[in-house]
1. With respect to the numbered conditions (1) in contact with a strand residue (DSSP E or B) (Cβ under 9 Å, 6 or more places away or on another chain); (2) not assigned by TED's automatic domain parsing to the domain that holds Cys105; (3) not polar (S, T, N, Q), which one is the sole condition not fulfilled by Asp7?
2. Out of all the residues in the stretch 39-77, which are within 17 Å of Thr8 (Cβ to Cβ) and surrounded by 14 or more Cβ atoms within 10 Å (Cβ to Cβ)?
3. Any chance the stretch 56-76 includes a residue that's more than 26 Å from Glu110 (Cβ to Cβ), among the small types (Gly, Ala, Ser) and under 17 Å from the mean Cα position of the chain (by Cα)?
4. If the Cβ limit is 7 Å and pairs must be 6+ apart or interchain, which residue in the stretch 90-104 that is outside the structural domain of Leu63 (by TED's automatic domain parsing) and closer than 20 Å to Arg71 by Cβ pairs with which residue that is among the polar types (S, T, N, Q) and in a loop (DSSP other than H, G, I, E, B)?
5. How many residues are over 18 Å from Ile12 (Cβ atoms) and in a helix (DSSP H, G or I) when one looks only at the stretch 78-106?
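The values are calculated or read from the model by the stated rules, or taken from the named source; none is laboratory data. Quantities reported herein were computed from a predicted structural model and do not represent experimental measurements. Methodologically, a virtual Cβ is constructed for each residue, glycine included, from the backbone with ideal geometry; neighbour enumeration extends over all protein chains shown.
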Amino acid sequence: MTAKQQDTFKKILEDRRAELCRDIEAQRERLNVDPLGDSMDQVRVVAERDLALWKIDNSSAILRLIERSLRNIREETYGICAHCEEDIPVKRLQAVPWSPYCVTCQHRAEGEDAAPHGGRTAFAIAS
């Protein structure tokens, strides 16, 4: 990967990190609503809180991957699969710049996540 490509990915990752931080803050503000009104209003508030918590959890997971990718850029290891240590194709990084895996290892990790025992392997989560 060229230095110019790395600079481009760094900018994309930093922009996405800022966007996620804003989104997480907005979702946290939604959690501070006091449930007033009748029981239907309270049900709606609980549902909105559940959705906000899910969004925070999802955004936080992506944020951790972005932070790892930015660290890898600083350490000059960005674009190398965390499992097989082969280069991650630039097209994959263009689609998912925070991806720690090549497509093959990502599919393998997703397959193991769906295993009947529900256990995740050491390389299935790289955060």
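1. (1)
2. Ile66, Ser69, Leu70, Asn72, Ile73
3. Within the stretch 56-76 (the criterion being more than 26 Å from Glu110 (Cβ to Cβ), among the small types (Gly, Ala, Ser) and under 17 Å from the mean Cα position of the chain (by Cα)), the answer is no, since none of the residues qualifies.
4. Matching pairs, first to second residue: Arg92/Ser99; Leu93/Ser99.
5. Number satisfying all stated conditions: 4.
Every residue, every condition in (1) part of a helix (DSSP H, G or I); (2) at pLDDT 85 or above; (3) over 30 Å from Tyr101 (Cα atoms); (4) out of contact with any Pro (no Cβ under 8 Å at 6 or more places or on another chain), yes or no:
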{"residue": "Gly37", "(1), (2), (3), (4)": "no, no, yes, yes"}
{"residue": "Ala52", "(1), (2), (3), (4)": "yes, yes, no, yes"}
{"residue": "Leu70", "(1), (2), (3), (4)": "yes, yes, no, yes"}
{"residue": "Ile73", "(1), (2), (3), (4)": "yes, yes, no, yes"}
{"residue": "Glu76", "(1), (2), (3), (4)": "no, yes, no, yes"}
